[in-house]
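Here is the structure we will look at, set down as structure tokens.
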């Protein structure tokens with residue numbers, strides 16, 4: 001944030017770039033550092049991947065927001081022309097903003113996107129998703145460990161390898177990751193059911209479907225009749 005300020009961006013533009021309020025930016029700049037309790041990852045702006053290109057074209061003399069929008073839209077930019085125009089207006093208002101530093105790797109990913117990448121099969125990821133996953137793992141050894149343990153658990157689930165559950169639990173305990181350890185402790189409270197679910201092909205889906213149907217019929221006639229009609233409607237629906 002201080003680097004953005006040093007390059008001439010106003011507090012308003014810093015707030016837009018970082019996805020924060022102006023008040024938070026003002027507080028951070030006054031302190032000179034960010035509070036330690038803030039989340040490490042933020043939601044990535046759709047414009048971030050194209051900011052460097054737009055800045056380069058601006059330096060080359062292209063100052064028309066609509067033209068810049070058309071160029072990055074051809075590259076896959078999903079946003080609106082208004083987003084580009086705001087960025088261009090910031091360059092007009094702040095002539096010093098000529099060396100905007102690229103977004104850091106830690107700013108590029110949200111927790112939801114990372115979770116989705118972690119639980120999917122590696123061969124199902126697109127090339128760009130594989131690159132993003134590798135960037136996350138390179139940025140943090142903890143993230144790499146979490147990814148490996150997550151993939152191991154998903155393999156137990158997909159391949160019904162309940163016999164390997166104990167080994168996976170030991171690996172999680174050895175990782176010393178509190179979040180995963182809490183997850184494991186929750187599974188161990190009903191260990192027999194968990195192992196059965198990871199081993200057997202049986203499912204309680206049919207039972208849940210019947211319960212769901214019962215609730216639908218019951219609610220549709222709420223306050224209109226008693227049990228005999230409910231019984232007849234269920235038998236008729238079957």
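One table, with the values for the structure above:
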| quantity | calculated |
| --- | --- |
| Residue among 68, 91, 100 that alone is modelled with pLDDT of 85 or more, touching a helix residue (DSSP H, G or I) at 6+ places or on another chain (Cβ under 6 Å) and surrounded by 15 or more Cβ atoms within 10 Å (Cβ to Cβ) | 68 |
| Residues of the range 203-215 satisfying the condition of being more than 14 Å from residue 232 (Cα to Cα) and in a helix (DSSP H, G or I) | 205, 206, 207, 208, 209, 210, 211, 212, 215 |
| Single match in 44, 39 (criterion: loosely packed, with under 15 Cβ neighbours inside 10 Å, assigned to a loop (DSSP other than H, G, I, E, B) and modelled with pLDDT under 75) | 39 |
| Helices (runs of 4 or more DSSP H) completely within the range 106-183 that count 3 or more residues being within 17 Å of residue 198 (Cβ to Cβ) | 141-159, 165-175 |
| Any hit, the range 1-23, residues being part of a helix (DSSP H, G or I), under 28 Å from residue 142 (Cβ atoms), in the same structural domain as residue 83 (by TED's automatic domain parsing) and at pLDDT 80 or above | no |
| Qualifying position, being surrounded by 11 or more Cβ atoms within 10 Å (Cβ to Cβ) and free of Cβ contacts under 8 Å to residues at least 12 places away in the same chain, among 209, 155 | 155 |
| Residue match in the range 126-149 (condition: within 21 Å of residue 190 (Cα to Cα) and modelled with pLDDT of 95 or more) | yes |
| Residues (exposed (fewer than 14 other Cβ atoms within 10 Å of the Cβ), part of a helix (DSSP H, G or I) and without any contact (Cβ under 8 Å) to a residue 40 or more places away in the chain) located in the range 48-65 | 56, 59 |
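The values are calculated or read from the model by the stated rules, or taken from the named source; none is laboratory data. The shown structure was predicted, so the numbers you read here are calculated from the model rather than taken from an experiment. Virtual Cβ from ideal backbone geometry, glycine too; neighbours counted across all protein chains shown.
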